[in-house]
Amino acid sequence: MNIIKDTLKEVIYAILPIALVIVFFQFTILHLPTKDFLNFLVGVFFAFVGFVLFLVGVNASLLPIGEAFGATLIQDEKVWLLMGFGFTLGFTVVIAEPGLQILAGQVAKSSGGEIPKYLLLVMVALGMGSFFTLSLTRIIFGVSLLKILLVSYILLFTLALFSLPEFFTVAFDAGGVTTGPLVVPFILALGVGMSAIRGPKAGTEDSFGFVGLSAVGSIMAVLILGIIYR
Amino acid sequence: MTIFVDELIVLVKEIFISLLPLLIIFLIFQFIRLKLPKEQFLVIIRGIVLTFVGLVLFLLGIKVGFIRVGELIGQTLGTLDHNWILIPIGFLLGLLVTLAEPGVRILALEVEKVTGGYISRKIILYFLAIGVALAVALSMFRMLKGISLWYFLLPGYCTILTLMWFVKPMFVAIAFDSGGFATGPMITTFMLALMVGSSAAIKGSNPLLDAFGMVAMVAMVPIFSVLVLGVLYKREELRIARLEKQDRLKEEKEIGNANSISHSLDR
């Protein structure tokens, strides 16, 4: 029962302030036709109900899946198997991320269909999957996160020099968008599952860094897309 | 109401396609590796169905409600003579959204734990919220002036990549993760739509160049904020270490004194 109460609170916090600001705008500067405004109110209702169901669903499905995966992954002796699992998981989870769906839609619309929605989705998922795998393997080999991040970001800005400027903005947006309400809890749960097996000492430090490093992959994928388009 | 029905049909198809890989992978893993007990398996399947329904309704509401209105507000504000008003409005909305973002609360709790309470949850929350609000306001400014995102991201990340060597590695991991926490569903949908709307309304502005990039700014600022907190914390740690050392020296001295007194008494 507590989970539902917490979820309700979370969703109200997330949606209500913005909805109220919009209502305020409506009566001061916006003055939308009544029909449009009613559509908006119905939309708020759907978004509210949908977000609650979504979070409850993620709690009951993706979190236990993530933990179970984390626990079995780390027991694996074969690194290539772990990498394979990591990539497939990263790829499939990020494809479903709601924020990414919206971003890809907006980009397709703004570019007049020149950057198709599914191309962007699949590219970002490939990039994110690869870097999620990298962040898993990093832990196995104990490579410093700082060094990987330094090299990655230098690489990102170098790639950006050769990429179309439109793709530069979209790329860094994609990095932020892929780490949304579906990916973040999943990755965190995976980290929890892994550290539960590896013992508390290795755990705390290693359960962070996945999200940040995975985001780099999304950015890189879109930049590469921008180089191909050139 | 037809707009809802039309969107609903599109969304059901889209979300089904995007959740399907996850379901298939889970089923394959379940049978070859995980082998969860049947009860747990059914709970998870039910959860996936719930996720599906929730996602469809959420995106329906976001698309028909928030994104449309966001674009309209953007258009209205963008066509105003005083379209600089977008800057303070961006600041205000950024502040509201961040304070409401569940991910940010989790992050704040984490930092509080790592620093043993030295950096309290409230401080992090306000620090981040003001940071994100500034990021949104700056993005509005960037859009109005048509400045390239380069001039913001390159110096920003250079600073971040330098700062990170001066804090505990743990802080670096949390900092880079926090960029992902701050960009929640409202920033990436409603705020983005608002910017795309206003950019389209402003003459000579290209949404792809000027409106996008706001999420990138919002993702960058928390990294910086958390690293700064990390530097502050390091100073505190050094101070504590120094105090402890002093205490130890003092104690040793006292013991030494006591010893010499007892020696002299012996004599």
Over 29 Å (Cα to Cα) - which of A:Lys5/B:Lys113; A:Lys35/B:Lys13; A:Lys5/B:Lys122; B:Lys63/B:Lys122; A:Lys78/B:Lys35; A:Lys117/B:Lys38 fall in this group: B:Lys63/B:Lys122; A:Lys117/B:Lys38
Can you give the longest stretch of chain A with no exposed loop site, where a site means GluC sites (Glu not before Pro) in a DSSP loop (not H, G, I, E or B) with at most 13 other C-beta atoms within 10 Å? A:115-230
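Per the helix-only calculation at 222 nm, which mean residue ellipticity applies to chain B, given -39500 (n - 2.57) for every DSSP H run of n ≥ 4 and division by its residues, nearest 500 deg cm²/dmol? Intermediate results must be reported in sequence, preceding the final value.
Working: 11 runs with 212 residues, N = 267.
Calculated at 222 nm, the ellipticity per residue is -27000 deg cm²/dmol.
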Using amide H atoms built in the peptide plane, which far-off residues or other-chain residues are under 5 Å from A:Gly209 H to H? B:Asp177
Pop a pseudo-label 7 angstrom from the Cα along the beta-carbon direction at both B:Lys38 and B:Leu154 and give the gap in nm to one decimal. 6.4 nm
Exposure-ranked with fewest Cβ neighbours within 10 Å first, B:Ser139, B:Ser205, A:Ser214 stand as B:Ser205, B:Ser139, A:Ser214
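For a footprinting-style exposure proxy, rank A:Leu89, A:Leu225 by other Cβ within 10 Å, fewest first.
Details: A:Leu89 27, A:Leu225 24.
Ascending number of Cβ neighbours within 10 Å: A:Leu225, A:Leu89.
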Expressed as a whole number of Å, what is the distance separating the alpha-carbon centroids of the range B:76-100 and the range B:202-242? 20 Å
Dividing the mean separation of Cα pairs under 8 Å (6+ apart) by the residue count of chain A yields a relative contact order in percent of 28 percent
Which of A:Phe87, A:Phe24, A:Phe186 moves most in a GNM of chain A, Cα contacts under 10 Å? A:Phe24
Measuring from centroid to centroid over Cα atoms, what is the spacing of the range B:10-25 and the range B:117-179 in Å? 34 Å
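Quick one, could you list the DSSP H helices from chain B stretching 15 Å or more along their long axis (Cα atoms) with average Kyte-Doolittle hydropathy of 1.6 or above? List each step's numbers first, then the result.
Values: long enough: B:2-29 (41 Å, 2.30); B:38-61 (34 Å, 1.84); B:68-79 (17 Å, 0.18); B:86-100 (21 Å, 2.50); B:102-114 (19 Å, 0.70); B:121-145 (36 Å, 1.53); B:150-163 (19 Å, 1.29); B:169-182 (20 Å, 1.26); B:214-266 (78 Å, 0.06).
TM-like helix candidates: B:2-29, B:38-61, B:86-100.
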Provide the FRET efficiency to the nearest 0.05 for the B:Ile9-A:Phe27 pair, computing r from the beta carbons and using R0 = 35 Å. 0.60
Give me the distance between the Cα centres of the range A:94-165 and the range A:43-81, rounded to whole Å. 20 Å
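Using Cβ counts within 10 Å as a stand-in for footprinting exposure, how do B:Lys122, B:Lys63 rank, fewest first? Write down the numbers at each step before the final one.
Numbers: B:Lys122 10, B:Lys63 24.
In increasing order of surrounding Cβ atoms, one gets B:Lys122, B:Lys63.
Where a ≥ b ≥ c are the square roots of the eigenvalues of the C-alpha gyration tensor, would you call chain A rounded, which needs a/c under 1.5, or, failing that, prolate if a/b is larger than b/c, or oblate? Present the calculation step by step, with values, prior to reporting the outcome.
On the way: a/c = 2.41, a/b = 1.30, b/c = 1.85.
Oblate shape, in that a/c is at least 1.5 and b/c is the bigger or equal ratio.
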With each label point set 7 Å from Cα along the Cα-Cβ vector, what nm distance links B:Phe31 and A:Tyr118? 2.6 nm
Return the single residue from B:Leu192, B:Leu154, B:Leu107 with maximal mean-square fluctuation; model: Gaussian network over chain B, springs between Cα atoms under 10 Å. B:Leu154
Let's test the formula: R0 of 30 Å, r as the Cβ-Cβ distance of B:Leu243 and B:Ile130. What FRET efficiency results, to the nearest 0.05? 0.45
Expected 222 nm ellipticity per residue - DSSP helices of 4 or more, -39500 (n - 2.57), all of chain A, to 500: -28500 deg cm²/dmol
For chain A, with a Gaussian network of springs between Cα atoms less than 10 Å apart, report the residue from A:Val170, A:Val183, A:Val124 with the top mean-square fluctuation. A:Val170
Please determine, in degrees from 0 to 90 and to the nearest 10, the orientation of helix A:98-110 with respect to the longest principal axis defined by the Cα atoms of chain A, where the helix direction is its Cα long axis. 60 degrees
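Only the coordinates and a few stated rules stand behind these numbers; no lab work does. Since we're looking at a predicted model, the values are computed, not measured. Reconstructed Cβ throughout: ideal geometry from the backbone, glycine too, with neighbour counts over all protein chains shown.
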